[in-house]
Each structure stands twice: as C-alpha cells, then as structure tokens.
C-alpha cells in the first residue's frame, strides 16, 4: 500500500481567489446588460521579469468588457498580478491611468476593484458601447 506523504490537504471552499472575484464581476456585467456586454477574464502566468511579481510564480489577470454585437470589440478595464502561493498582495493596474495599487487583502482588493469598475471612465466606456449597439440594432431593422 502506498503511504500518503501529502498529509491532509487544506479546505478550499472558503478561499476566494482574485480570479473568482473577477469572474463574479464578469457574470454581473452580462446580467446587468442583458447580455449586450460580456465580462471576460483572461488568465496567464506572470511573464518572466515582471516588476509586479518579481522572482515569484504567479498570475496575470485581465478583466475585459466585450461587445459581441460590435465584432467582439473588447476593452481592458483592469489588469491584476498576484503570487500563486499566497494570492495576496495583489497588484491592481487600472488601465485608464496605469497606476498600480497594492492590495494586501481581499477586502482591500474589493475596495480598489469597486473604485475601478464604478469609475467615470469605465461608466463612459459602457455607455458608449451600449449606445453603439443600440444604434446598430436600429439601423439594422428593415423598413416597413
């Protein structure tokens, strides 16, 4: 019989990763816009020599707003970097000003993310995309 050298593995139900938080917000955007806009989260390993997570293994996440009716146009709202082993601190880069903010906890991360998602520039982008989608649907309607 093989001996378990791993020990007891930690419970994961209570862990909310930065990826999970962004996925929740992506789903909310879709719901709030009745599917006219989609939230999409792209995840990749942190590139080598990244100044946000130096000499660590971690992830880079991008939260995009995607407009399927506009040839899948996408707008990157925020980019996040975090170490794989600890999840925090998280580096959040608002793509409208490119000023990184470091969040030491999930609570701080949620506060900073709320500021980015509810910012005037983000709201203008959403309004512009929705306006263009609606205008395109009106002009695409055949005359009666």
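Values as computed for the structure displayed
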| read-out | value |
| --- | --- |
| Pairs where the first residue, in the range 110-124, is farther than 22 Å from residue 17 by Cβ and the second is modelled with pLDDT of 95 or more and not in a helix (DSSP H, G or I), C-beta under 7 Å, 6+ apart | 122/77 |
| Conditions (1) more than 14 Å from the chain's Cα centre (by Cα); (2) farther than 30 Å from residue 135 by Cβ; (3) surrounded by 15 or more Cβ atoms within 10 Å (Cβ to Cβ); (4) touching a residue at least 12 places away in the same chain (Cβ under 8 Å); number of the one not met by residue 45 | (3) |
| Some residue of the range 30-39 being touching a helix residue (DSSP H, G or I) at 6+ places or on another chain (Cβ under 7 Å), at pLDDT 95 or above and part of a strand (DSSP E or B) | yes |
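The values are calculated or read from the model by the stated rules, or taken from the named source; none is laboratory data. Since we're looking at a predicted model, the values are computed, not measured. For neighbour counting, all protein chains shown are included, and Cβ atoms are generated from backbone atoms with ideal geometry for every residue, glycine included.
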